[in-house]
Amino acid sequence: MSLDERKLEVLRAIVEDYVVTEEPVGSRALVERHRLNVSPATIRNDMAVLEEEGYIRQPHTSAGRVPTDLGYRLFVDRLSRIKPLSAAERRAIERFMVGVVDLDDVVHRTVRLLAQLTRQVAVVQYPSLTRSSVRHLELVPISTTRIMLVVITDTGRVEQRVVELPGPTPTDDVTELRRLVNAKLAGQPLGDTPGLVQALVDETGPGLRTAMASVGSVLLETLVERHDERLMLAGTANLARGAPLDFRGSIGPVLEALEEEVVLLKLIGAVEPDDEAGQPRVRIGDENEIVDLRSTSVVSTGYGPGDTIVGGLGVLGPTRMDYPGTIATVRAVARYVGDLLGQS
């Protein structure tokens, strides 16, 4: 059945009160705290309908009601008012992020900021190599037969590898190799590099072709064949705030799941632009594909310069979370980090 506006307001009030008090919500409390303009008996009837429809539940006999995953979903989709960040909150973000020196600093500050502002577990994915472009390639001689290959992406990510050359190579030849690789690859998406690297080797003159082949092999290994993604995690101690009602059993399985990088990537790494409403993605309880995390909710979004998505970030916490505030914070931080990357 479809719920009328009054029952929706009752559900909204239950969710908001439960998030604040961490206690099951009864009809008397709703009458005292909210202007619903109906009698306690009417509210009890509305709560009975909401319970029958699966939006709220009674955790134990003689208790008030708490929202279910379905209730939270309806709240997020239809009832929550996404509050804009206050001027003070925006200034706090700016102060926290001012003076960043490199990509590592950006990621470290971002994950700490998210954990502090939301009081949840925060996860930030480094800009993915597969979603980046080459900004510059540097070749630094280490010896006559070894050079350091430094790859700098447009998102500020830096990868370094040692290239073993086939024989002694003069400095002037290294300089020429540097010129050739930058002329061919600078500004190119990393996904396009395999064919470009092969063409680069084929086009190099006979005197430098074997050295370029060595450089090209390491380039492919660095830019194409590397599938590992780096992540940063902060705020795991915040999980204790959700016990005991929000976690079905122990928080141990949740903590163990968060130790697996593949799990974290599934949470925030499958980045997509925000939906049509411009909101981050919210997965509540059983909507999480990872069984051990079905007592939690995840709010995540992609970030990057302009309209380009290069990584994901988000927070995880108990289903009893401040969804409007968390969504607003995740969205604002993602936009700020994207602007930082755009300026780099």
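Taking amide H atoms as placed 1.01 Å from N in the peptide plane, the amide H of R65 lies under 5 Å from those of V25, G26, each 5 or more residues away in sequence or on another chain. Each Cα pair under 8 Å and six or more residues apart adds its separation to the average, and for the range 127-193 the resulting relative contact order is 40 percent.
What is the sum of charges around E51, taking Lys and Arg as +1, Asp and Glu as -1, for the other residues whose C-beta is under 12 Å from the C-beta of E51?
Neighbour charge sum, excluding E51 itself: +1.
Candidate values [x] 1.09; [y] 1.29; [z] 1.24 were compared with Cα Rg over 2.2 N^0.38 Å computed on the shown model; the agreeing label is [y]. Listing I147, I309, I327 from fewest to most neighbouring C-beta atoms within 10 Å gives I309, I327, I147.
Relative to the dominant Cα principal axis of the chain, helix 5-21 is inclined by about 70°.
In straight-distance terms, cross-link reach from K266 covers every one of the aspartates and glutamates whose alpha-carbon lies under 12 Å from its own, apart from those fewer than eight places away in the same chain; here that gives E229, E289.
3J(HN,Hα) along the range 147-152, derived from phi through the Karplus expression 6.51 cos²θ - 1.76 cosθ + 1.60 where θ = phi - 60°, amounts to 10, 9, 9, 10, 10, 10 Hz, with x in place of Gly and Pro. Scalar couplings 3J(HN,Hα) for the range 96-106, obtained by applying the Karplus form with A = 6.51, B = -1.76, C = 1.60 to θ = phi - 60°, are 5, 9, 5, x, 4, 9, 7, 5, 4, 5, 4 Hz; x denotes Gly and Pro.
Straight-distance candidates among the aspartates and glutamates for linking to K184, with alpha-carbon spacing under 15 Å and chain neighbours fewer than 8 residues away dropped: E138, E176, D192, D202, E203. Our summary gives the chain a relative contact order of 19 percent, counting only alpha carbon pairs under 8 angstrom and 6 or more residues apart. A cut-off of 5 Å between modelled amide H atoms, ignoring neighbours fewer than 5 places along the same chain, links L165 with R146, I147. Distant-in-sequence amide contacts of G311, defined by a placed amide H-H separation under 5 Å and a gap of 5 or more residues or a different chain, comprise S128, Y303.
Only the coordinates and a few stated rules stand behind these numbers; no lab work does. Everything numeric here is computed off the predicted structure, so don't read it as measured data. Methodologically, a virtual Cβ is constructed for each residue, glycine included, from the backbone with ideal geometry; neighbour enumeration extends over all protein chains shown.
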